[in-house]
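The structure under discussion is supplied below as structure tokens; questions concerning it will follow.
The values are calculated or read from the model by the stated rules, or taken from the named source; none is laboratory data. All of these numbers come straight from a predicted model, not from anything done at the bench. Neighbour counts run over all protein chains shown; Cβ positions are idealised from the backbone, glycine included. These area figures cover heavy atoms from the full protein model, side chains too; ligands, DNA and RNA do not enter into them. Shrake-Rupley method; radii C 1.70, N 1.55, O 1.52, S 1.80 Å.
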Amino acid sequence: MAGKTSVPQLEQRIQCIKFTIFCLNAIIWLLGSSMFGLCMWLRMDPDFQEWVAFLEIYEFYIGIYILLAASIFIVIITFIGCGVALMEHILGLYVYVGLQLLSYVLGLAGTAVLLDYSTYDSNIQPLIRRSMTSLINNYYDQRSTYILQLIQESIGCCGADGPMDYITLRKPLPTECRNTVTGNAFFYGCVEEISWFLEGRSGWLAGLSLGLCMLHIIIAALSLALIRAIKKEEQSVTFKH
């Protein structure tokens, strides 16, 4: 009697796992598309591109490129996952598990690189400091003056690490380094302010990527559970006959 009821129970379990995989693939497709759109916005925003070019912090884009490639990969494999789950193709499901693990690695690596070049006290700060110091040293150059004025007025900062940078480099303290209301010099340097600005931009993308990484592990585990259930069903049918 147990043999007669095992096959319907396994079939029910298989259908339940397949439905869950389809639903998770739909969610992953939406999140992957959102990550693609966010990566494209961060890369193509003209105002942001101007800031990156002015400060020569192109390293910020490395993590975005990795996550952009990962998002395209993720969107594609969601269709593969739905197909192999629907056909109950065991080899295809093993391949799909491997692709999910690869997506997990890509997402984790991209997020790590992005955060390493976009957050406070990260590798982006020495690069910003180098660029700001170079601009202050060339203060009388028209282009350098324009860039310093744009940055310092836009985010309310002064020098690389504060007003002392101008004094140390024997340059006059510009008016854009002062608060227009109080007349006092801005306390924070542009290295800290720009780091916080970049962190605000990259935080949403990093959170989205880490959320997708969690879903990759869940759907990989479900795919392995589906493989196991399919194998058990095949064995039950064989023993029955």
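Tell me, how many Å apart are the Cα centres for region 125-143 and for region 145-192?
Cα centres, region 125-143 to region 145-192: 12 Å.
Which value does Rg/Rh take for the chain over its C-alpha atoms, Rh per Kirkwood?
1.26
Can you give the three extents of the C-alpha atoms in region 1-127 along their principal axes, from longest to shortest, in whole Å?
75, 25, 22
Over all pairs of distinct alpha carbons, what does the Kirkwood formula give as the hydrodynamic radius of region 171-241, in Å?
About 17.9 Å, per the Kirkwood formula over Cα pairs.
What is the spin-label model distance, in nm, from E153 to W204 if the labels are put 7 Å beyond Cα along the C-beta direction?
Spacing of the two 7 Å Cα→Cβ label points: 2.7 nm.
Please get the size of the charge dipole for the chain, origin at its Cα centre, with Cβ charges of +1 on Lys and Arg and -1 on Asp and Glu, quoted in debye to the nearest 20. Don't skip to the answer; put the middle values down first.
Numbers: 15 positive and 19 negative charges, 216 e Å.
Taking the Cα centre of the chain as origin, the dipole is about 1040 debye.
Over the chain, how many pairs of lysines fall under 21 Å by alpha carbon, counting only those 8 or more apart in sequence or from different chains?
Within the chain, the lysine pair count is 7.
I would also like to ask the following. Go through L55, F79, L67 and say which Cα lies farthest out towards the positive end of the charge dipole of region 7-81; charges sit on Cβ, +1 for Lys and Arg, -1 for Asp and Glu.
Of the options given, the answer is F79.
Along the charge dipole of region 84-195, pointing to its positive end and built from +1/-1 on Cβ of Lys, Arg, Asp and Glu, which listed residue (H89, I167, Y120) has its Cα farthest out?
With unit charges placed on the Cβ atoms, the residue in question is I167.
Sort by residue number and report every cysteine in the chain with no other cysteine beta carbon within a distance under 4.7 Å.
So, C16, C23, C39, C82, C213.
Round to the nearest 10 and report in Å² the accessible area of W41, as given by a 1.4 Å probe over the protein chains' heavy atoms.
Around 120 Å² of this residue is reachable by solvent.
A further question on this structure: Using a 10 Å cut-off on Cβ atoms, rank the peptides 19-27, 117-125, 178-186 from the highest mean neighbour count down.
Highest to lowest by the protection proxy: 117-125, 19-27, 178-186.
Taking +1 at the Cβ of each Lys and Arg and -1 at the Cβ of each Asp and Glu, which of W196, Y104, L135 sits farthest along the dipole of region 101-241 towards its positive end, judged by Cα position relative to the Cα centre?
Among W196, Y104, L135, the one farthest towards the positive end of the dipole of region 101-241 is Y104.
Does anyone have the angle between helix 60-87 and the longest principal axis of the chain? Alpha-carbon axes, 0 to 90°, nearest 10?
The angle comes out near 10 degrees.
Follow-up question, since we're still on this one. Output the Cα-based Rg and Dmax of region 106-241 in Å, rounding Rg to one decimal and Dmax to a whole number.
26.2, 93
Taking only DSSP H segments of four or more residues, each worth -39500 (n - 2.57), what value at 222 nm results for the chain once the sum is divided by all its residues, to the nearest 500 deg cm²/dmol?
Result for the chain: -28000 deg cm²/dmol, rounded to the nearest 500.
Continuing with this model, one more query. Charges only on Cβ, +1 for Lys and Arg, -1 for Asp and Glu: so what's the dipole of region 141-190 about the Cα centre, in debye to the nearest 20?
Using only the charged Cβ atoms, the result is roughly 120 debye.
To continue, here is another question. How large is the charge dipole for region 111-241, taken about the Cα centre, if only the Cβ atoms of Lys, Arg (+1) and Asp, Glu (-1) carry charge, to the nearest 20 debye?
The calculation lands at about 460 debye.
Continuing with this model, one more query. Over the chain, give the accessible area per residue in Å² for a 1.4 Å probe, as an integer.
Solvent-accessible surface per residue comes out at 53 Å².
Moving on. For L30 paired with D47, estimate the spin-label separation in nm (one decimal), with each label point 7 Å from Cα along the Cα-to-Cβ line.
Placing both labels 7 Å along Cα→Cβ, they lie 2.9 nm apart.
Same structure, new question: Binning at 5 Å from 0, report for region 85-135 what percent of all alpha-carbon pair distances ends up in each bin.
Percent of Cα pairs in each bin: 5, 17, 13, 13, 10, 9, 8, 7, 6, 5, 4, 2, 1.
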